[in-house]
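*Asks:* Before I ask anything, let me first share the structure, which is written out below as structure tokens.
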Amino acid sequence: MLDAFCRHYDKVKYPKCRPENDGDMLLFQYGVYDWGSGRWFEVRMVRQFIVESWRRHPDYARMEQLDLTLFYPPESGSEIERFALWSHETDGIADFASRVMQSPGFRAASEITPVRWGVEHEGV
């Protein structure tokens with residue numbers, strides 16, 4: 001999962017999306033959550049980008065996210081503190097990947113198979 005998202009981020013550039021000013025970022029996060037369908041240990045990888053509009057209005061832009069969430073039984077992450085890391089908080093994509101791989105939640109999730117997963121591409 002991490003390798004695919006990092007390669008996608010490195011190789012695929014979105015038209016009308018400016019990476020400067022946080023216009024194209026990765027987010028890795030995990031924690032135990034209940035969003036109304038029961039408690040799960042969720043591990044998420046998100047690519048968030050701001051796309052300039054095709055409209056001629058200079059201030060109009062939209063934010064989109066490509067999101068992969070892996071769901072594990074809650075006990076898999078119950079002892080692990082929630083964690084979030086944005087790519088712009090690191091010294092590049094290699095540092096981002098290294099910090100993600102060293103995190104307790106990533107290591108725990110790497111040792112087990114998710115119960116289910118979901119992929120979404122949506123405007124936020």
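*Asks:* Kindly express, to the nearest 10 degrees and within the range 0 to 90, the angle between helix 93-102's C-alpha long axis and the longest C-alpha principal axis of the chain.
*Replies:* It works out to around 20 degrees.
*Asks:* From the residues Val115, Met1, Val51, which one has its Cα farthest along the dipole of the chain in the positive direction, the dipole being from +1 and -1 charges on Cβ of Lys/Arg and Asp/Glu about the Cα centre?
*Replies:* Val51
*Asks:* Give, to the nearest whole percent, the P(r) tail of the chain beyond 21 angstrom, counting all Cα pairs.
*Replies:* In whole percent, the long-distance tail amounts to 42.
*Asks:* In the full protein assembly as shown, how much of Ile93 is accessible to a 1.4 Å probe, in Å² to the nearest 10?
*Replies:* 50
*Asks:* Could I ask something else about it? Pop out the ³J(HN,Hα) list for region 104-120 in order, Karplus 6.51 cos²θ - 1.76 cosθ + 1.60 with θ = phi - 60°, rounded to Hz; leave Gly and Pro as x.
*Replies:* Values per residue, Gly and Pro as x: x, x, 5, 4, 5, 5, 5, 8, 9, 9, x, 6, 7, 8, x, 10, 9 Hz.
*Asks:* Using Cα springs under 10 Å in a Gaussian network model of the chain, which residue among Pro15, Pro73, Pro104 shows the largest mean-square fluctuation?
*Replies:* The residue with the greatest mean-square fluctuation here is Pro15.
*Asks:* OK, next. Quick one: accessible area per residue over the chain, 1.4 Å probe, rounded to a whole number of Å²?
*Replies:* Each residue of the chain exposes 62 Å² on average to a 1.4 Å probe.
*Asks:* Here is a further query. Scan the chain and report its longest stretch carrying no GluC sites (Glu not before Pro) that are both in a DSSP loop and have at most 15 other Cβ atoms within 10 Å.
*Replies:* The segment 1-78 is the longest one with no such site.
*Asks:* I would also like to ask the following. Measure nothing but the geometry: give the 0 to 90° angle between the long axis through the Cα atoms of 2-11 and the longest principal axis through the Cα atoms of the chain, rounded to 10°.
*Replies:* 10
*Asks:* Starting from the Cα gyration tensor of region 69-108, take the square roots of the eigenvalues, sort them a ≥ b ≥ c, and report rounded, prolate or oblate (rounded when a/c is under 1.5, otherwise prolate if a/b is larger than b/c, else oblate).
*Replies:* Here region 69-108 falls in the prolate category.
The values are calculated or read from the model by the stated rules, or taken from the named source; none is laboratory data. Note that this is a predicted model, so its numbers are computed, not measured. FYI the Cβ positions are ideal-geometry reconstructions off the backbone, even for glycines, and counts take in every protein chain you see. With ligands, DNA and RNA removed, areas are computed over all heavy atoms of the protein, side chains included. Shrake-Rupley method; radii C 1.70, N 1.55, O 1.52, S 1.80 Å.
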